[in-house]
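The values are calculated or read from the model by the stated rules, or taken from the named source; none is laboratory data. Computed from a predicted structure; not experimentally measured. Cβ coordinates were reconstructed from backbone atoms using ideal geometry, including for glycine residues, and neighbour counts include every protein chain displayed.
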Amino acid sequence: MMQRHLIQAMSLAALLVSSGARADGLAIFRVDPLGVDPQIVARLEGLMRIELGRLADATLPTPRRVRELVKHYPELQNCTGEVRCLVQVGELLGVARVISGNVGGLAGSYVVNLKIVDVRSRKEQRRIQEPISGDPDQLIEAVRVAAYGLVAPQRLRGAVEILADQPAADVYLDGQHLGRTPLPTVHALRVGDHVLRVAKEGYTDVVQQVQVRFQKTAQVVVTLQPPKVAAGQGRKPPPRVERPYPWYTQWWFWTVVGVAAVGVGAGLGYAISSKSSGINCSAEPAQCGL
């Protein structure tokens, strides 16, 4: 029994030396495929190892070495992400941090789930969940983002270029004033969603969400519009046109006509009466229309 334990200890020591493990290094314990081709996940894990090795300036233990460790310690076979067993893995490999997780896929959507555990404090240090919809090639970028997010989140940065059709417009990002248009490209922005607002006197503010991607420049084109005038506001009533009334509709015309009519009526009555005064209807009935 003692001889077997001695052989295991010697094998483990050889494993640690050959893996190049460092007390300040890190290791990937396992990245499980969930509904995704295991070969694809294996390639993604290899890509993540390259990124992590560059970020940590260290050579990570190879998958073969990790498998040999699990072979010597069968209880680690059921370790899928619990802090306790990941700490044990880190202690056995002689590294300061251990990464474990999975890549899942369902109906054209994917998600990268990873966590990193600090061996010394025996606590989960950080967790990354990167969802993806559509093109599976985006998994490559998602894995790179996850690697930086776990080990060096301060280096997870991108840029944005803002193109506005109006000069001297104030530009705000997440409430912070960046300056006035035209602006140079804004670098070193946190990856993720940001709120952009462009404002200028005499124009309606433009507010929209901008997604900053890792090591890329997002280009935003802003078109400022004059404010819309509400119905019934800001419009002058049509000018009033004074149209002259016809002369025969004026009050003085009908007054004159009335007076003239009275005069004519009186004259006619007088003339008729004067002419009829010398006519005897009894003697000359024909003159009176009898």
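In segment 123-138, the residue that is farthest from residue 96 (Cα to Cα) out of those that are modelled with pLDDT of 90 or more and not charged (D, E, K, R) is 129.
Looking at segment 183-194, can you tell me whether even one residue there is aliphatic (A, V, I, L, M) and exposed (fewer than 14 other Cβ atoms within 10 Å of the Cβ)? Within segment 183-194, one or more residues are aliphatic (A, V, I, L, M) and exposed (fewer than 14 other Cβ atoms within 10 Å of the Cβ). Does any residue of segment 168-185 turn out to be under 30 Å from residue 101 (Cα atoms), under 20 Å from the mean Cα position of the chain (by Cα) and either at pLDDT 95 or above or of a type in the set (Lys, Arg) (or both)? Within segment 168-185 (the criterion being under 30 Å from residue 101 (Cα atoms), under 20 Å from the mean Cα position of the chain (by Cα) and either at pLDDT 95 or above or of a type in the set (Lys, Arg) (or both)), the answer is no, since none of the residues qualifies. Looking only at segment 37-56, residues that are surrounded by fewer than 14 Cβ atoms within 10 Å (Cβ to Cβ) and within 16 Å of residue 149 (Cα to Cα) come to 2 in all.
Might you let me know whether segment 134-141 holds any residue that is farther than 28 Å from residue 76 by Cα, acidic (Asp, Glu) and assigned by TED's automatic domain parsing to the domain that holds residue 196? No - not one qualifying residue is present in segment 134-141. Might you check whether a residue that is more than 29 Å from the chain's Cα centre (by Cα), of a type outside the set (Lys, Arg) and under 17 Å from residue 60 (Cβ atoms) occurs anywhere in segment 120-132? Yes, segment 120-132 has at least one match. Within segment 198-215, residues that are within 30 Å of residue 140 (Cα to Cα) have Cβ atoms under 9 Å from residues that are surrounded by fewer than 12 Cβ atoms within 10 Å (Cβ to Cβ) in these pairs: 209/193; 210/193; 211/193; 212/193, counting only partners at least 6 apart in sequence or on another chain. Across segment 97-129, the qualifying residues are those that are of a type in the set (Gly, Ala, Ser) and surrounded by fewer than 17 Cβ atoms within 10 Å (Cβ to Cβ), and the one among them that is farthest from residue 24 (Cα to Cα) is 107.
Only residues that are farther than 14 Å from residue 70 by Cβ, out of contact with any helix residue (DSSP H, G or I) (no Cβ under 8 Å at 6 or more places or on another chain) and among the β-branched types (Val, Ile, Thr) were counted across segment 80-120, and they come to 4.
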